[in-house]
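Before any comments, here is the structure.
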């Protein structure tokens with residue numbers, strides 16, 4: 001099946017205050033097929049959110065800089081598109097469900113006003129003063145927008161959507177705010193949704209409801225989704241395939257149940273062992289911390305923390321290679337190690 005999204009050899013970095021080149025993403029490769037859900041997992045700081053921002057085209061450039069690589073959406077390289085064409089794809093092409101619901105809505109406008117702006121100006125990089133106010137003078141436009149907003153809020157199971165229209169963000173709970181953001185994200189009927197840890201700021205019960213809602217809406221609309229999380233349990237429930245990231249690289253990729261049941265990279269195995277169990281089974285964290293990007297050099301970035309590291313790990317950056325069953329791993333010992341799930 002042809003991929004909806006392909007990221008190939010993506011490298012992102014910046015120049016620090018001393019003039020040294022620092023690389024944050026070091027050759028990211030991933031693919032997303034239509035109607036598929038993939039998860040990007042790994043520790044905080046591994047590059048998950050930067051990857052998402054690069055796909056969306058919202059990286060802060062400068063100071064960050066895309067050094068090389070390609071991001072193809074429906075066969076078009078987004079990095080070669082004019083800014084206006086890239087902007088026009090946000091909404092009908094791809095969209096974002098952000099991480100912090102309470103700070104992602106504009107506190108100065110009601111829910112209805114924010115939906116009005118989205119419906120009337122989505123896909124436009126700039127809106128003039130006259131263009132901004134003209135639709136507000138049309139009673140027909142206001143009525144149609146209100147009806148579409150109520151329908152969108154009802155679709156994400158918000159009670160009494162007519163009352164929510166007039167509320168400001170501070171009058172909404174975290175769960176209600178996230179449902180509003182999901183409704184806004186789906187408004188343009190996108191082909192692909194990027195969900196950047198949408199339940200992180202919510203309590204566990206509400207987070208589960210939000211994830212169930214996302215999965216239900218994605219399946220019902222036939223969309224694809226990239227779900228970013230550090231929670232392996234959520235990834236195992238939502239994703240068809242998983243990409244495990246470490247220090248700016250994908251170190252393992254494959255069908256979710258296969259990767260989690262029989263990991264082929266020591267880092268993946270370490271993440272699984274670090275998950276607390278309800279039973280009395282022991283769990284242990286991975287020793288050490290993520291390395292300084294400037295200190296990685298030409299070897300495996302995980303070698304300082306890996307219990308299976310050898311001298312060979314210091315001199316070569318392990319490529320992401322096929323290890324069977326459609327899976328790939330970036331470890332020089334991937335085919336010889338037997339790792340516990």
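Computed from the coordinates by the stated procedures, all read-outs in this text should not be read as laboratory data. Fair warning: this is a prediction, and the values are worked out from it, not measured in the lab. Reconstructed Cβ throughout: ideal geometry from the backbone, glycine too, with neighbour counts over all protein chains shown.
Relative to the longest principal axis of the Cα atoms of the chain, the long axis of helix 204-221 lies at roughly 80 degrees. Taking label positions 7 Å along the Cα-Cβ direction at both residue 230 and residue 336, the computed distance is 3.3 nm, reported to one decimal. Once you reduce region 191-268 and region 11-32 to the center of their Cα atoms, the two points are 24 Å from each other. DSSP beta bridges fully contained in the chain are about 60 percent antiparallel. Which log10 I(q)/I(0) values, to two decimals, does the chain give at q = 0.09 Å⁻¹ under the Debye formula with one point per Cα? Debye output, listed in q order: -0.54.
May I ask for the Kirkwood hydrodynamic radius of region 189-254, worked out over all distinct Cα pairs and given in angstroms to one decimal?
Working: mean 1/r = 0.0783 Å⁻¹.
After inverting the mean inverse Cα-Cα distance, the result is 12.8 Å.
Modelled spin labels at residue 294 and residue 88, positioned 7 Å past Cα toward Cβ, are 4.3 nm from each other. Listed by Cβ neighbour count within 10 Å, with the fewest neighbours leading, 273, 48, 80 appear as 80, 273, 48.
Cα axis of helix 139-155 to longest principal axis of the chain: angle in degrees, 0 to 90, nearest 10? Orientation of helix 139-155: about 40 degrees from the principal axis. With contacts taken as Cα pairs under 8 Å at a separation of at least 6 residues, region 3-239 carries a relative contact order of 28 percent.
For region 244-329, the alpha carbon positions stretch 40, 31, 21 Å along the principal axes, listed from largest to smallest.
Computed from Cα atoms, the angle from the helix 174-186 axis to the main principal axis of the chain rounds to 80 degrees.
Maximal additional length on extending the residue 322-residue 255 stretch stands at 22.8 nm, based on 0.36 nm per residue less the C-alpha distance. The GNM of the chain, with springs linking C-alpha atoms under 10 angstrom apart, assigns the highest mean-square fluctuation among 123, 27, 326 to 326. For an R0 of 35 angstrom, estimate the FRET efficiency from the Cβ-Cβ distance between residue 21 and residue 74 and round to the nearest 0.05. Efficiency for this residue pair is about 0.60.
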